[in-house]
Amino acid sequence: MIANIVTEFTDWLNDVAGNWWFLLIILAIAFLDSVIPVVPSETAVIVGGVAAGNNEQNLFLVILCGATGAFLGDNFAYIVGRYFSPSIERRAASRPKLAKRLDWARDQISSRGGPLLLTARFIPGGRTALTITSGLTHQPRRWFASWIAVAAVVWAGYASTLGYIFGDRFNERVALWLAFGAALSITLLIELFRHIRSRGQEQPGGAIMDEIAEDIVD
């Protein structure tokens, strides 16, 4: 059922990709995907790239809209983290395990720096956990926004360019799936590299997100 929904959604994106307002759809989906990881922002940007390859859209505008949506969405996720930070820190005061996770996350983001934000942008779900955690751990806003801007442009540029290149040589449907396959392969390689590097280390992102969910319920 989920596969059918994804296919129908992708077909719809293809059908409307030639309209000027499709750029607004790219922006909106990229924004939502930063907060709700199930929204297929990569697919929307790739379709935009395919449309640009078929002279139905402007590649620069596709990149601009994708990057803008991703930038705004990641910053919104950061704000969400900052909003829940006081309540999570109060919980951490009486929960040593949560306090340890917060300290670990703060140290990891501080020590690994911007490249961690750049890598996370290519990992659905991972980018949401990291951007919210950045807000939770009070990472400098200007530093965060600067790296997120770079990550958003790189992400949108790579996804749309893949669609553009394949769209220039193949029919629209084949181009979309080739581009999506290439994007998925790169994402999997990044995730594999991250997993190898972090093997044996406790990952706080998902656990902290669980604490946020508990806090909302309470």
| note | The condition from (1) more than 16 Å from the chain's Cα centre (by Cα); (2) at pLDDT 85 or above that residue 15 misses is numbered (2)
| message | Could you tell me how many of the residues in the range 8-47 are charged (D, E, K, R) and free of Cβ contacts under 8 Å to residues at least 60 places away in the same chain? | response | 3
| Can you tell me which residue in the range 163-197 is surrounded by the most Cβ atoms within 10 Å (Cβ to Cβ), limited to those that are modelled with pLDDT of 65 or more and in contact with a Gly (Cβ under 6 Å, 6 or more places away or on another chain)? | 163
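Checking the condition touching a Leu at 6+ places or on another chain (Cβ under 6 Å), buried (at least 22 other Cβ atoms within 10 Å of the Cβ), at pLDDT 85 or above and under 21 Å from residue 39 (Cα atoms), which residue from 120, 159, 151 passes? First the steps, then the outcome.
Working: 120 fails: at pLDDT 85 or above; 159 fails: touching a Leu at 6+ places or on another chain (Cβ under 6 Å).
Exactly one residue qualifies, and that residue is 151.
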| Within the range 40-67, how many residues turn out to be modelled with pLDDT of 90 or more, surrounded by 19 or more Cβ atoms within 10 Å (Cβ to Cβ) and of a type in the set (S, T, N, Q)? | 1
| query | If only one of 88, 79, 29, 109 is at pLDDT 90 or above, buried (at least 19 other Cβ atoms within 10 Å of the Cβ), among the β-branched types (Val, Ile, Thr) and in a helix (DSSP H, G or I), which one is it? | reply | 29
| said: So, residue 201, is that one at pLDDT below 85, under 30 Å from residue 82 (Cβ atoms) and not in a helix (DSSP H, G or I) or not? | reply: yes
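The values are calculated or read from the model by the stated rules, or taken from the named source; none is laboratory data. This one's a predicted model, so the numbers in the text were calculated from it and none came from an experiment. Neighbour counts are summed over all protein chains in view; Cβ atoms, including those assigned to glycine, are modelled from backbone coordinates with ideal geometry.
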